[in-house]
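The values are calculated or read from the model by the stated rules, or taken from the named source; none is laboratory data. What you are looking at is a predicted structure, and each value in this text was computed from that prediction instead of being measured. Here Cβ is always computed from backbone atoms with ideal geometry, including for glycine, and neighbour counts include all displayed protein chains. For the accessible areas, the whole protein counts, side chains as well, though only heavy atoms, and no ligand, DNA or RNA atoms are used. Shrake-Rupley method; radii C 1.70, N 1.55, O 1.52, S 1.80 Å.
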Amino acid sequence: MGLQDSSQDLSTEMEVDAFRRIFPLRFFERHLSESLRPDGRQLGKARDTIVNLGLVSTADGSALAKIGSTTMLAAIRMEVMTPSTDSPDEGCIALEFHMPPICSPTVRPGRPNDAAPVISKRLSDTILSSGMIDLKELCLVSGKAAWMGYLDIYCLDADGALFDAALLSAVAAFSNLQIPVVALNDNGRIVAITGGKDQDNASITEKEAVNKEKRKLTLKNIPFSLTCILHKNYILADPTTEEESIMDTLVTVVLDSSDQMVSFYKSGGSALAYSSAIKSCVELARKRAKELKQILGEMDID
């Protein structure tokens, strides 16, 4: 009897898997009708989230963020630059989002991924428009020297809600950032002190140090995001890649730590974003922001 029961169970599993592959939308809608998703989550529940800081020893700040299986590694490298004449008292942040072939079967070697530059632009706009970083804090000497922060975000596993995980990793990396020590060398140039004995370090005069110890940035109005799927009368928070591929209407809400709206983004799709659906998405984003603030707060990130 035991062997027969196990054979029946295996047969049932194969039938369910075949139905899921052949009729994916019908498979999901059967679960949605019971207010449950195939992975066991309720419709408005996000996946488990983990954040780890300082994993890249060669970076000035770094963080790894995981939302479910979606994994992002963010690293920041600071360099001294000459500020522009338009903003002589401000530094700059340059962001690039990378999707290497290891992150997804749909990303092919040697072919640029269409989503990467779009996510890069959205991340850059979100970080700058939120006011999380005061660019004046990156100024060293007005009109002569300021910090350029190079933020690179690598997608290690693309399983849906890429923007949310990338933004979380960027915020965590900036919280981990240590602004390097800099000084004025004998040639009149401001250079970072790396601790090694290179040519720039050898010509540094201690009495002309610009800052004598590493420091952290002051972060305020920290942005948090939540991506939702709109499908008929259903709203699914934090979708997986499979859900995104089947139900194509995505909405991303970005709120800051003061609960103010930073941006609202809808990436096409056939479903219309009615006011009631928008309100529901914003409310889900508020709950999600509280969860993320708690996660970051456990690491003393304000």
Any idea how far apart Asp114 and Leu128 come out in nm if each label point goes 7 Å out from Cα toward Cβ? 2.5 nm
Rounded to the nearest 0.05, what FRET efficiency is calculated for Leu55 and Phe23 with R0 set to 41 Å and r the Cβ-Cβ distance? 0.50
Tell me the carbon and sulfur percent of the accessible area for segment 48-169, rounded to whole percent, probe radius 1.4 Å. 52 percent
Rounded percent of accessible protein surface that carbon and sulfur make up, segment 218-270, 1.4 Å probe: 45 percent
Sort 126-133, 77-84, 32-39, 248-255 for me by packing, meaning the mean count of neighbouring Cβ atoms within 10 Å per residue, highest on top. 248-255, 126-133, 77-84, 32-39
Rounded to the nearest 0.05, what FRET efficiency do Phe264 and Ala94 give with R0 = 30 Å and r taken as the Cβ-Cβ distance? Could you check? 0.75
For the pairs Lys144/Lys293; Lys220/Lys287; Lys214/Lys293, flag any whose C-alpha to C-alpha distance is greater than 28 Å. Lys144/Lys293
May I ask you to give the solvent-accessible area per residue for segment 47-110, in square angstrom, as obtained with a 1.4 angstrom probe? 50 Å²
Spacing of the two label points (7 Å from each Cα toward its C-beta) at Val16 and Ser275, in nm: 4.2 nm
May I ask for the Rg/Rh ratio of segment 53-195, computed from Cα atoms with Rh as the Kirkwood radius, given to two decimals? 1.02
